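The block underneath contains the structure these notes are about, expressed in structure tokens.
The values are calculated or read from the model by the stated rules, or taken from the named source; none is laboratory data. These numbers were taken from a predicted model, which means no experiment stands behind them. When we count neighbours, we look across all protein chains shown, and the Cβ atoms used for this are built from the backbone with ideal geometry, even at glycine. Surface accessibility is based on the protein's heavy atoms, side chains included, excluding ligands, DNA and RNA. Shrake-Rupley method; radii C 1.70, N 1.55, O 1.52, S 1.80 Å.
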Amino acid sequence: MKYGYTYENSLAFFPLFPALSWLMSRTLLYPFQCFMCYDAVLLCSATVVNLIAFAIATVQLYQLTYNVLQHEDLAIRSSLLFCINPASIFMVAPYTESLFACLTFSAMNAIQQKKFLKGSMIIALCCLTRSNGVVLIGFLALRLLKTFNLLPYITNLLVFALWVSIYFIISLVPFIWFQYYAYSLYCTKTVQIDISKHLLSYGQERGYKMPIDDMSPWCYRTIPLSYSYVQNSHWQVGFLAYYQVKQIPNFLLALPMILLCVATAMTFKPCWRHCKHYMVDRMETSSDRMIPYLAHMVVLFLVAIPVIHIQVNMYPFDKERGKYYLLVLKA
């Protein structure tokens, strides 16, 4: 936020939230620097950004729930649960939770209304906020496949294929750009940043990798993605890497959310039966509208359980919480 990507482990944190916090500190909260140090102003700026994003996320969740379930009472209840859930403390902390929730709900809302260009642009912002914003491209793909059935002529299909390509490119470009930036900074050294003496000394004392050091192992990979390497080397994120006896308390902490996910998938068995008709039915039923959200939940669940730190499920699988409430309230 203040010093850029000085240390390699900071590459796990994508640039949109720090950039917005910096912009807030230089605009709306700039007068606060008259009586506060800049570090304190940055923290306040991050909190303000999160409060604004959280408010927008709540409104977007209400609209999304109403568009999917066509039930105002359930839309209100899902929004209230989103506001008062035990993990809401993460929504005001200087972290990406609120911003990612805001963008995720906004993207899904746009895609639900078949505003695919707008949705893909918001997904692009999701990919600048967190790596798992890429998962939303699968959600976009499901909705596009539903639209595909409504195009009877070859000419229309070609135009459709062109637009789908454009949507996917728009969604992925920011993620690819950030990985390229990291590669240029830490591998080819074509991008350089100034590192102050105290940051240099701090990093050397703790053994942090910096742009002035030799290239990291991920630089030599066929697809040089910094994110997966940093997560594995600094936080031991990997397949079953977290399954240790000492982590049992964290598994118990995450158990309610895990059970909620399983219960949701089991409760909506009738919706799964509609999957085989999802692409061919011209009329979209309530069950049809649920399928992309169920699929999104299940994919994140299957990826998260064996790979990520289990206590992350408390808030849960990033921005899946709103969809869980949306689904559970329908039961």
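Relative contact order, percent, of region 70-213 when contacts are C-alpha pairs under 8 Å separated by at least 6 residues?
On the way: 103 pairs, mean separation 25.2, N = 144.
Worked out over region 70-213, it gives 18 percent.
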Report ³J(HN,Hα) in whole Hz for each residue of region 251-260, in order, from the Karplus equation J = 6.51 cos²θ - 1.76 cosθ + 1.60 where θ = phi - 60°; Gly and Pro get x. 5, 5, 4, 8, 4, x, 5, 4, 5, 5
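Residue 21: net charge of surrounding residues, Cβ under 14 Å, Lys/Arg +1, Asp/Glu -1, itself excluded? Mind dumping the intermediate values first?
Numbers: positive: 2, 26; negative: 39, 97.
Counting the neighbours of residue 21, the net charge comes to 0.
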Which whole-Hz ³J(HN,Hα) couplings does region 289-298 yield from phi under the Karplus relation 6.51 cos²θ - 1.76 cosθ + 1.60, θ = phi - 60°, glycine and proline marked x? 5, 7, 4, x, 6, 5, 4, 4, 5, 5
Between rounded, prolate and oblate, where does region 113-266 land on the alpha carbon gyration tensor, with a ≥ b ≥ c its root eigenvalues, rounded for a/c under 1.5, else prolate if a/b exceeds b/c? oblate
Taking only Cα atoms of region 54-144, radius of gyration then Dmax in Å: 13.0, 35
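Can you tell me the FRET efficiency between residue 236 and residue 259 if r is taken as the Cβ-Cβ distance and R0 is 30 Å, rounded to the nearest 0.05? Working shown, then result.
On the way: r = 25 Å, r/R0 = 0.85.
It comes out at approximately 0.75.
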Tensor-based shape of region 78-120 (alpha-carbon gyration tensor, a/c under 1.5 rounded, otherwise prolate or oblate): oblate
Whole angstrom only: what separates the Cα centroid of region 158-187 from the Cα centroid of region 32-89? 28
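Where Lys and Arg each count +1 and Asp and Glu each count -1, what net charge lies around residue 233 among other residues with Cβ under 10 Å from its Cβ?
On the way: positive: 209; negative: 8.
Summing Lys and Arg as +1 and Asp and Glu as -1 gives 0.
Can you tell me the accessible area per residue over region 134-234, all protein chains present, probe 1.4 angstrom, in square angstrom? Don't skip to the answer; put the middle values down first.
Details: 6060 Å² over 101 residues.
About 60 Å² of surface per residue is accessible.
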Find the relative contact order for region 40-132 and round it to a whole percent, using C-alpha pairs within less than 8 Å whose residues are 6+ positions apart. 32
Could you give the C-alpha radius of gyration of region 1-70 expressed as a fraction of 2.2 N^0.38 Å, taking N as the number of residues it contains? 1.43
